[in-house]
Every structure is written in C-alpha cells, then in structure tokens.
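For reference, the structure discussed in these notes is given below.
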Amino acid sequence: MNWGSDGALERAIGSWSRGVLPGLDVVDTHTAGNPTRIIVGGLDVPAGVEGVAATRRWLRDSADWVRRRLVHEPRGGGLTCAVLPLPADGPGHHIGAVILEPGSYPPMCGHCMIGLSMVVDEFDLLPDVPLIDGTREFTIATPAGPVGSSVRRGGPAATEVTLTNVDSYVVDHWSQKLGGRLVDVDLLWGGDYYATVDADDLGLRLEPAAALTITGLARDLAASIAERVVRDPHTGTELDVYQIMFHQSIDVGAPTSRVVVVAPPGEIDRSPCGTGSSALLALRVARGDVAAGETLTTRSIIDTVFEVRADAVADDAGRVIVRPLLTGTAHVTGFSRVVADPRDGLRDGFPPI
C-alpha cells in the first residue's frame, strides 16, 4: 500500500495528531557528518523574552523540554544538536541562534552554525539579505559573540559556508598523567573550551578502530578536570571545561591535523569540529606552526574536512589572539514534525547513555 497516495498519510497524521502535544517543525541537516536540527516552527517564545541571552535563559530555566525532546533519545542521541533561530533584536546582526546540545546550551558550535547558515540561504529565511554574485553574507548573534557567515552557492560542494568565528586563543597549559603517561594538556578557546592533548604523546591512532580507547581516555581526562577548579590565568574567571580534543599533525606540504573531539557522555564528533578546529588553529599559530593568513586543514575521524584560516593575529598581553575563518559544507537530510504523545512516559526523552 502506498501511504503517500491521495493524501492518505497527511490525513492519518492529521487525525492522529489531534490527541498529541503541539509539534516542533525542524529541518534536519548534517555538517561533515554531524547532525543538526534547525527549528523552523511550532515553538512560541513568550512575549518579553527577546534576544539570544534571554531566550537561552528561558529555554534552560522554563522550557528545557524543547532541548530534551529534540536531541535526547529516543529521537536524538549523543551527537544530535539543535538550533533555535531568532529574529534580530538590535543592530550588529541579522539573526540570532540558541544552540541546544544533549548536555547543555553551549556558547558556540561551528558545525551547527554552518548547518544553520545553509538552511538560512536554502530556504530564504533572511529575504532582506541579498544574494550577490552567488554569495549571501550575514551575521549571527551567538552566546559567544557575533559570528559572520558567508554562504556561496555552486561548485562541487553545492553550498559552501565560511564563518568568521569568535577570537580564539590558548588559555592555559599543564602536565598530568593520562593513559599511564605524563602528557601535556593545552586548554584552548575557540567558541567553547577544549582540554587538548597531542595523540602522539599517548601513542594513540585517531581512527574508528580506536574509538573505545579514545572515548575512554577522554572520559578519564574529563573526570580529572572535573575534580579541580579551572580558571583563566589572565582574568581569574572560573571556566566550564567539558570538551576533550585529541589532535595529530599529518602535515603533507601544508598544515593539516587530524582532530577528534569527544563530548559528554563520551561521543566522538563525526565532523572535525568547528570551534575545536578554531581552537587548534590558535594553538598552532601560537607555536609558530601556522602563520597569519595561512590555512589549517582539519580532518575528522571519518575523514571529513574543514579548512580554517588565520585571518588576523594579534597579541593581548602575551596571549596570541587569532581570528579564524572556518569553511565547511552542510546538507539537508530531512524534514520532520517532532511530536509527543501525552501518554508516553518518555515523551521528553532521556539523556544519551
């Protein structure tokens, strides 16, 4: 039987949905292998809640069911993220974005913003922003700060996005035992914080066959960091460090690194991680491995690729500050109405295990 014939499926959905909670309409995408759900309908933000910061607080404190329903199991999983686009609430940006991950509302997410940018362009969500010579440029307000987006149509990748990410830098450095070895840990900022270790120091191969070893080491490092108070040595601010990144230089004629980020509860990012790649660029610039204006290619555990260029480099009281230009592609994978049956005890999901 063809359930799509003569509107049969639509009638069935309409009849059934009268007994369920209101649905959330989403465009499903992936960026270099990592999924993002862009909310395009079904959610009414209360009057008086305006802008990224206020909407993020409202979601976290009063409407966390949105995050849990969209990205937790059984509908999502440890890798699933979502984005709530918001109308601009002031000058300096064209659209706002609140990012929803399985464990938090992070300040920035590069793969999410690439996915959002592609959807903005593909579905003309900013009709007042012109397409000029095949390129649409706009600014996204994120909790980490404004992020520029340039979306280019055509070419082998169909739609390519370049983000002007937030300033990135090396925060701190220490040594500790991990996997039975004394290793150097670099704490980096690229829109989120990353405790970062060179895989060569662990004798670790960053490939799918080593996934269990990678996640085990990441959990051990995250647990050791959770036992201490981590502060920015320049400002004294206490930092929320929950992302672990392993990297490995595979330079062949040009700066190239394998990048594997492990997010709670122990899921490996399938993409090279946008904020992680930005953070690693800052480390390699600070070390002198990459020069201002030079591009670092980052490859994920499944060999998908981002490119991140050091657009500008500055010195702030001895701290090297890098402005990264991050380039990647995203694709639509589906259109969904996420619904919840009030009789379902798991209607708002459960955290990934």
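Worth a mention:
- S271 being within 30 Å of L24 (Cβ to Cβ) and modelled with pLDDT under 95: no
- Residue among T295, T304, T333 that alone is open to solvent by 30 Å² or more (accessible area, probe 1.4 Å), in contact with a His (Cβ under 8 Å, 6 or more places away or on another chain) and farther than 12 Å from S168 by Cα: T333
- Close pairs (9 angstrom Cβ cut-off, 6 or more residues apart or separate chains): farther than 23 Å from L86 by Cβ in segment 132-154, hydroxyl-bearing (S, T, Y) and surrounded by 18 or more Cβ atoms within 10 Å (Cβ to Cβ) anywhere: R152/T159; R152/T162; R153/T159
- Test result for V166, outside any strand (DSSP E or B), under 20 Å from the mean Cα position of the chain (by Cα) and surrounded by 13 or more Cβ atoms within 10 Å (Cβ to Cβ): yes
- Subset of segment 244-266 [under 16 Å from the mean Cα position of the chain (by Cα) and modelled with pLDDT of 95 or more]: I244, M245, V259, V260, V261, V262
- Any chance V40 is open to solvent by 50 Å² or more (accessible area, probe 1.4 Å), modelled with pLDDT of 95 or more, under 25 Å from P91 (Cα atoms) and not hydroxyl-bearing (S, T, Y): yes
- Of the residues making up segment 203-216, those that are open to solvent by 20 Å² or more (accessible area, probe 1.4 Å), part of a helix (DSSP H, G or I) and of a type outside the set (S, T, N, Q) are P208, A209, A211, L212, G216.
- Counting only strands (runs of 3 or more DSSP E) wholly contained in segment 76-153, the ones carrying 3 or more residues that are more than 12 Å from the chain's Cα centre (by Cα) and either on the phi < 0 side of the Ramachandran plot or surrounded by fewer than 23 Cβ atoms within 10 Å (Cβ to Cβ) (or both) occupy 81-87, 135-142, 145-153.
- Tally, over segment 241-263, of residues that are touching a residue at least 40 places away in the same chain (Cβ under 8 Å) and assigned to a loop (DSSP other than H, G, I, E, B): 5
- Residues in segment 64-75 that are in contact (Cβ under 8 Å) with a residue 24 or more places away in the chain and open to solvent by 20 Å² or more (accessible area, probe 1.4 Å): 6 in all.
- Out of V26, V52, sole residue that is buried (at least 16 other Cβ atoms within 10 Å of the Cβ) and part of a strand (DSSP E or B): V26
- Selection of segment 315-330 for residues being over 16 Å from R284 (Cβ atoms), part of a strand (DSSP E or B) and open to solvent by less than 70 Å² (accessible area, probe 1.4 Å) yields T327, G328, T329, A330.
- Selection within segment 317-331 - of a type outside the set (V, I, T) and in contact (Cβ under 8 Å) with a residue 12 or more places away in the chain: A317, R319, R323, P324, L325, L326, G328, A330, H331
The values are calculated or read from the model by the stated rules, or taken from the named source; none is laboratory data. Note that this is a predicted model, so its numbers are computed, not measured. Positions of Cβ are generated from backbone atoms using ideal geometry, with glycine treated the same way; all protein chains shown enter the neighbour counts. These area figures cover heavy atoms from the full protein model, side chains too; ligands, DNA and RNA do not enter into them. Shrake-Rupley method; radii C 1.70, N 1.55, O 1.52, S 1.80 Å.
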